[in-house]
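The structure appears below as structure tokens.
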Amino acid sequence: MAVELSNKSACITPPCPLVASCLTGSLSSLFPKATRSLRRWCAAFNIFSLVVAMFVSFVLFWRQTATHSIQQYLWARIPRSDFRLKIGLIIDPLTLVMSILVTTVGLPVMVYSDSYMCHDQGYARFHAYLSLFVASMLGLVLSPNMIQIYVFWELVGMCSYLPIGFWFARSSAANACQKASVTNRIGDFGLLLGLLGIYWITGSFDTYELCDRFVELTSSGVVNPIFANTIALLLFIGPIAKSAQFPLHVWLPDATEGPTPISAPIHAATMVAAGIFFIARIFELISTLPLATSTISWVGGVTTLSGATLALAQKDLKRGLAYSTMSQLGYMVLAPGIGASQSALFHLITHAYSKASLSLGSGSVIHSMEKVVGYSPSRSQNIFLMGGLRRCMPITGITFPPGTLSLCGIPPLACFRSKDQIIAESWLNSPYLGLIASSTAGLTAFYTSRIYLLTFEGDFRANQINYIESHISLPSEYVIHSWGGDQLDLLTRRTSSNFASPDVEREEFAEVANFATVPIPKRDRSYERTIQSYPEPKLLHPQESNFCMALPLTILAIPTLLGGLIGVDSTREGYGPNFLFDWLISIPSFSEVNRNFGKLSEVLISSIPSLSLSLIGLSISFKVYGQFGKISGARGNGKLREGGVVNTFLVPAGNWSMNRGYIDYFYKIYFVQSVISIGKLISHFDQWIIDGLINVTGASNLSGGESIRHTKSGRISQYLFGLIIGTILLPQLVVDFPIPPLP
């Protein structure tokens, strides 16, 4: 009975953050001045509510280790009808693991946001959005039926719309949240059609019941295979949009327009994780349909590769991490398509902590950069204006590499084992999928290490670029190429026509430009004499974030470092449906690692193929960007040697990445413009045909009334004249048109 009561206590996990969100939002809207003065108390209340939800999730998780049971608690919503809907909650390993993931990621993000958003006028509103986001995801994972899942699915989508458009006065943020909403509506409509189709087949919305009935009916041949695959693919359209799969991925990079702390739950534990969770929940249903599973695996494979290629040359820090999320989500969708749903869930968990650490680390960097380069996202998020931040921000510089190396698949960090399992299963299923998964591992190592090197290594470049721009009226993209190559020689050639004495002043200009990009300790006295007429501005450098922002980074670094050891003993065969649950509760201690050293060595040896590709990607990135920012100031020659190879051989890839794969242009031309054209056509049809008919009818009635009004003048002479005319004409009309006799 104690276990039953404790399991029922899971029903308080979604209401805790929900009540906090409603109270905070109500106070913020009804009493804005009082809320601003008590905003720290509002934040503390939201944090406390999430702590309660996390505590309940952990208690139920440990109780589940002893029972290994699946329990449902349902209440009849429509008791007296043929259609009976029951709402409630389900307690199973997948639910508890996801609830722990959501709360343990959401809590550091909320603590982090307390400091990150402290100067914003919408401080309380942001915490209300964040709590509502967490409550929606908790309600989704605890839902026992498809109707309840769909309600919370829509609520999660709304909660992504609100934070993305948090700074709605900025046009880019308003457009981004609308783009996310419209894109997800496409997926939600497909999901709704799939739910109606599955109810038509099985007559039930209960998750376990409909999966069992669907498998039974399809295996016995009662359901047409084409119709069954269509229903499964309609259900899959929802996760395609929610988890940013190709071709409905276009909303995810623009979601970075919201405040940086919201990127962690969107990219890690809530928004994009909802699609993967839904696939895992209905995996038994889709696993019996070869066409559906093949389609799912190829969608995941294409998303994995395209996300990696789109991240190659991004200069926006948050956008590069967004495309990284897209690529890793492709792995998670690829895995269920080839029958490795447990590996997909394991990669979802390991990636969540790694990406949350990177997202909050990027927020720490951006928060510090804003004080140096201003609050424009094009400058504060530009990795080519960064560099050398490891020395300025030691805590952020220490916690960022574990997340980077984890995504690269370096053992024993979090993602190494989960990614290696998916790659191995891909090769067993299809050599083409295996090639895609393996090549993406190398690309991932390249672009993630590129982000780290350009952000934290080398010398701080913002002051150098500012110095050039203070004397040369050209934007920074003319000074630093987005791939890392220096274009000072091009800049010199473009401006040489402005000099009155080309031979003398061109040389002076080149020396000034080169001096500005040389680190201060390496400047030569001759250069100082050359630019005496150009006073050097005061140099500013970023500083480490405060304790409330540094503490969540440190906490999230712990599972990022140790999470990969969870799956060390995963090579055993014959695991059942609770294998992931057993996996997560068997984190070995150091003594167990020593006893199982042989198995650990076997796992590491099996990881050598994918690890070698990751090391190749790391090596290329270090070769190209390892010395970026440490420019040798040769007189009159400011060209960076490292950028030559990249600019020569990878220009098409760079253009593909910087133009976002031209997919947005395609949508704008063929879909957006088509919808606008159709809308204009309908508007003209409504204006000239429908409104025209109504207007013509009204004008006819008006003119007829006016003409009749003039005939009714009230003069008796006119009435007598009309009577005489009628008397004369009436007999003639009777003769011409005789009236037939009555029967």
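The values are calculated or read from the model by the stated rules, or taken from the named source; none is laboratory data. Quick caveat, the model's predicted, so the values are computed rather than measured. In this analysis, Cβ positions are derived from the backbone assuming ideal geometry, glycine residues included, and neighbour counts consider all displayed protein chains. Each accessible area value is taken on the protein alone, full model and side chains, heavy atoms only, with ligands, DNA and RNA left out. Shrake-Rupley method; radii C 1.70, N 1.55, O 1.52, S 1.80 Å.
Points to keep in mind about this one:
- Each of Y161, Y452 has its accessible area taken with a 1.4 Å probe; listed largest first, they run Y161, Y452.
- Per-residue surface analysis assigns W167 an accessible area of about 80 Å², computed on protein heavy atoms at 1.4 Å probe radius.
- Using the Karplus relation 6.51 cos²θ - 1.76 cosθ + 1.60 with θ = phi - 60°, the per-residue 3J(HN,Hα) values for segment 307-324 come to x, 5, 5, 6, 8, 4, 10, 5, 9, 8, 4, 5, 5, x, 5, 5, 5, 4 Hz, with x marking Gly and Pro.
- Virtual spin-label span in nm between R84 and F31, 7 Å along Cα→Cβ: 4.6 nm
- The amide H of S243, built 1.01 Å from its N in the peptide plane, has G275 as neighbours under 5 Å, considering only residues 5 or more places off or on other chains.
- Residue-level accessible surface for H541, protein heavy atoms, 1.4 Å, Å²: 90 Å²
- Accessible surface of segment 3-117 [probe 1.4 Å, protein heavy atoms]: carbon and sulfur percent: 68 percent
- Sites S612 and L428, calculated FRET efficiency, Cβ-Cβ separation with R0 22 Å, nearest 0.05: 0.70
- Computed Kirkwood radius, in angstrom, where 1/r is averaged over Cα pairs of segment 278-372: 14.5 Å
- In this simple spin-label model, placing a label point 7 Å from the Cα along the Cα-to-Cβ direction at both A169 and F227 gives a separation of 5.6 nm.
- Segment 367-382 - phi-based ³J(HN,Hα) in whole Hz, Karplus 6.51/-1.76/1.60, Gly and Pro as x: 4, 7, 5, 4, 6, 9, 9, x, 9, 6, x, 5, 10, 6, 10, 7
- Using the Cβ-Cβ distance between Q178 and D691 with R0 set to 22 Å, the FRET efficiency works out to roughly 0.15.
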